[in-house]
Amino acid sequence: MLSGKHILLGITGGIAAYKSVTLLRLLVKRGAEVQVVITPSGKEFITPVTLSALSGKPVICDFFTANTGEWHSHVDLGLWADAMVIAPATACTIAKMAHGVADNMLVTSYLSAKAPVFIAPAMDLDMMAHPSTTRNLELLRSYGNHIIEPAAGELASHLVGKGRMEEPERIVEILDDFFSAGHSLKGKKVLITAGPTYERIDPVRFIGNFSTGKMGYAIADAAARMGADVTVVSGPVSVTPKETGVKVIRVESAKEMCGECLTLFPESDIAIMSAAVADYAPADPRQSKIKRESQEPPVLHLVKNPDIAATLGARKRPGQILVGFALETDNEAENARKKLLSKNLDMIVLNSLRDADAGFGTDTNKITLITASGQTAGFPLKPKSEVAEDIMKAVCRL
């Protein structure tokens, strides 16, 4: 899938720059057109002559060529690229990218990039573990960048720990997977539910849950990056899509969400039910505020809300993909499989409240994917942006 792709390869001043030569060679071998942008300190580790010979293009380092005055447009580079890869990315460059310090050609090109950006950190273990580096990487993730986690092993300092730049072969594989998934969703219509629903008790009180919508919106962004036409039916949340073109329909109650889904589902190719829909609603919500001082505590009579996933499952036509979520506290896999079958789902995403830093309100999640064909795949704890990519890659395979 890399054949014909325009790759902007950024190289910074770290000993891992020697791996960039192999990465460049592999990208060219796959048929990609590669333009190298290198920082001034990067030239201390690997020469532009070597990089130019492999890429077939002059290496860009400065804003203009000193002897001719030829201007190198970072805007043009940002528009040209199908993807930008910074490998290695030092702690200094990561900090500049995170905070917009545009003092070299690489960072200005990054700030102008319209394409997905992949960042492969490389540094000593103490720098990697420092709170400032951790915070900068999280900030870059929040902008929608893809962080290619470094490996653990012996470092240039001869210490052993996390900080080795990921191997070039793996970086190429990540890019290949990304573009493969992106092509497979081009032109597809994806419906996603996200967030909680609020079921009114009176005009100021409601039954709800702790969902923030972060997972659903991350899935929407991942689907949009893969070329899909995405609509989110969202309960009350403060998050917004990072990707342009994602349509959001805001609702409050389960009934409202179900109504919107029934309207959109017939024209959807894929539906992903990630919202935490309230199972019950007050049977008789009050039209005025219940006053604490004037009466005894009210007794709430509850009625069942519509099961949106099951409702859509009953209407699913051949060729449509329907994905549900199961947030469980016990007998997780067994309960998830029951939901998968009873709701006519093609796949269910299982997460457990017993896993630390997973579930409602967190920026990370730990999931297991179970398909209708019986396949099961577990994943470690990851940022929700990466979890969303795992989910969408599995949807593409379906």
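With only the Cα atoms considered, the range 188-254 has a convex hull volume of 72 Å³ per residue.
Cross-link partners of Lys289 among aspartates and glutamates, defined as those whose alpha carbon lies under 16 angstrom from its own and excluding same-chain residues fewer than eight positions apart: Glu199, Asp202. Across the range 90-204, the fraction of Cα-Cα pairs farther apart than 20 Å, rounded to a whole number, is 57%. The distance from the alpha carbon centre of the range 212-272 to that of the range 294-326 is 17 Å, rounded to a whole number.
In degrees from 0 to 90, rounded to the nearest 10, what is the angle of the helix 17-29 Cα long axis to the longest principal axis of the chain? Value to nearest ten degrees: 80.
Using the average count of surrounding beta-carbon atoms within 10 Å as a protection proxy, the listed peptides 357-367, 213-223 rank, highest first, as 213-223, 357-367. The residues of the range 234-353 expose, per residue, 57 Å² of accessible area to a 1.4 Å probe. Across the accessible surface of the range 265-398, with the other protein chains kept in place and a 1.4 Å probe, carbon and sulfur atoms take up 49 percent.
Where does helix 214-225 land angle-wise versus the long Cα axis of the chain, in degrees 0 to 90, nearest 10? In the chain, helix 214-225 runs at an angle near 50 degrees to the longest axis.
Ligands, DNA and RNA left out, the accessible area of the range 90-208 computed with a 1.4 Å probe is 56% carbon and sulfur. Shape summary: the range 221-315 maps onto an equivalent ellipsoid whose semi-axes, from the alpha-carbon gyration tensor, are 33, 17, 9 Å in decreasing order. For the peptides 154-160, 32-38, the ranking by packing is 32-38, 154-160, with the highest mean count of neighbouring Cβ atoms within 10 Å listed first.
Across the chain, Cα pairs under 8 Å and at least six residues apart give a relative contact order of 11 percent. Think of it as helices only: each DSSP H run of n ≥ 4 in the chain is worth -39500 (n - 2.57), and spread over all residues that comes to -10000 deg cm²/dmol at 222 nm.
One compactness figure for the range 6-156 is 0.98, namely its Cα radius of gyration divided by 2.2 N^0.38 Å.
In the calculated pair-distance distribution of the range 278-398, the portion above 18 angstrom amounts to 62 percent of the Cα-Cα pairs. Applying the Kirkwood pairwise sum to the alpha-carbon positions of the range 1-53 produces a hydrodynamic radius of 11.1 angstrom. Between 0 and 90 degrees, the angle of helix 131-142 with respect to the longest Cα principal axis of the chain falls at about 70 degrees.
Between amide H atoms placed 1.01 Å from N, distances below 5 Å from Ile367 occur with Phe379, all of them 5 or more places distant or on a separate chain.
Once all protein chains are placed together, Ser211 keeps about 20 Å² accessible to a 1.4 angstrom probe.
Within the chain, the ratio Rg/Rh, alpha carbon atoms throughout and Rh by Kirkwood, equals 1.05. Summarising the strand pairing of the chain, around 30 percent of its internal DSSP beta bridges are antiparallel.
The values are calculated or read from the model by the stated rules, or taken from the named source; none is laboratory data. Please read these numbers as outputs of a predicted model, since none were measured by experiment. Quick reminder, even Gly has a Cβ in these numbers, built from the backbone with ideal geometry, and neighbours come from all protein chains shown. When the accessible area is computed, the model is the full protein with side chains, heavy atoms only, and any ligands, DNA or RNA have been set aside. Shrake-Rupley method; radii C 1.70, N 1.55, O 1.52, S 1.80 Å.
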